[in-house]
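Working notes, structure below.
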Amino acid sequence: MNRMGALLLIMASAVVFAEVANDWSIQAGQVEITVGDSPRVSGTFYVHAPPGTPAETVIRTGGACLLTDLVPFGVGLESCTSNGDCNTPQAIDKANHPEMQGYLGYCVVRDGSDEPPRCWTRPGPPQDYCKRSIDGLALTPGTHQLPSVPADPLNHGAPLPDWAVFACMADEGHPTACGQPVSDHRQFSMTPLMTGQQ
């Protein structure tokens with residue numbers, strides 16, 4: 001490749017990067033576990049908006065939830081192809097466990113991972129584990145804090161399960177995309193590393 005070709009390639013790459021960097025995006029943050037007699041977990045997610053976007057401007061919908069990997073404890077499935085798989089009686093036995101009525105399974109993969117999808121679980125109702133625009137969150141640019149919740153939802157004791165933040169943002173013009181079973185009009189982000197105690 002000659003010098004001019006290389007320069008054009010660099011310029012084209014810079015334009016693509018600028019377009020991505022200047023668009024709305026959502027990024028799951030790390031989780032924090034506070035150990036002690038009653039360990040708790042919390043987390044954050046970050047909303048990026050184009051430069052100059054007023055903080056009070058809300059033109060995107062979505063949010064994030066704290067999820068935990070309960071597969072080693074008998075909740076969820078080691079592999080899945082859809083959220084539906086993670087909410088079957090084989091994954092979450094709500095009929096025989098009334099305390100799990102608020103549980104919801106997500107078939108997801110952590111950012112940057114080449115592992116196959118598996119069932120991660122929101123071990124309670126969304127108002128306890130999530131911050132979502134559907135519940136009144138203004139998805140403004142910047143960092144958003146998720147609630148602090150018990151880090152041992154099954155009261156299993158050590159070791160604690162792994163936790164992650166799972167975030168979704170709908171594309172502009174498709175405000176309900178994060179709540180749909182299937183949609184090409186949203187973006188996901190999930191904490192890339194397991195942070196539970198081993």
- Query: So how do 48, 144 line up by other beta-carbon neighbours within 10 Å, fewest first?
  - Reply: 48, 144
- In sequence order, calculated HN-Hα J values of segment 87-104 (Karplus, 6.51, -1.76, 1.60; Hz; x Gly/Pro): 10, 7, x, 5, 8, 10, 7, 6, 4, 9, 9, x, 5, 9, 4, x, 6, 9
- Query: Which whole-Hz couplings ³J(HN,Hα) result when phi for each residue of segment 60-74 is put into the Karplus expression 6.51 cos²θ - 1.76 cosθ + 1.60, θ = phi - 60°, listed in order with x for Gly and Pro?
  - Reply: 10, 10, x, x, 8, 9, 7, 10, 10, 8, 9, 4, x, 10, x
- Among 59, 26, which comes first, then next, by fewest other beta-carbon atoms within 10 Å? 59, 26
- Item | Pairwise label distance in nanometres, residue 90 with residue 155, each label 7 Å out on the Cα-Cβ vector | 3.0 nm
- Query: So who's got an amide H within less than 5 Å of the one on residue 61, skipping anything under 5 residues away but keeping other chains? H placed 1.01 Å off N, in plane.
  - Reply: 170
- Could you give me the ³J(HN,Hα) list for segment 131-136, computed from phi with Karplus coefficients 6.51, -1.76, 1.60 and θ = phi - 60°, whole Hz, x at Gly and Pro? 10, 9, 5, 5, 9, x
- What does segment 79-120 give for Rg and for Dmax, in Å, if only its C-alpha atoms count? 11.4, 36
- Item | Separation of the residue 38 and residue 180 label points, Cα + 7 Å toward Cβ, nm | 4.2 nm
- Message: Kirkwood hydrodynamic radius, segment 23-190, all distinct C-alpha pairs: what's the number in Å?
- Response: 16.5 Å
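Each value in this text was obtained by applying a stated rule to the coordinates, not by laboratory testing. Everything numeric in this text was worked out from a predicted model, so none of it was measured. Don't worry about glycine lacking a Cβ; one is built from the backbone with ideal geometry, like all the others, and counts go over all protein chains shown.
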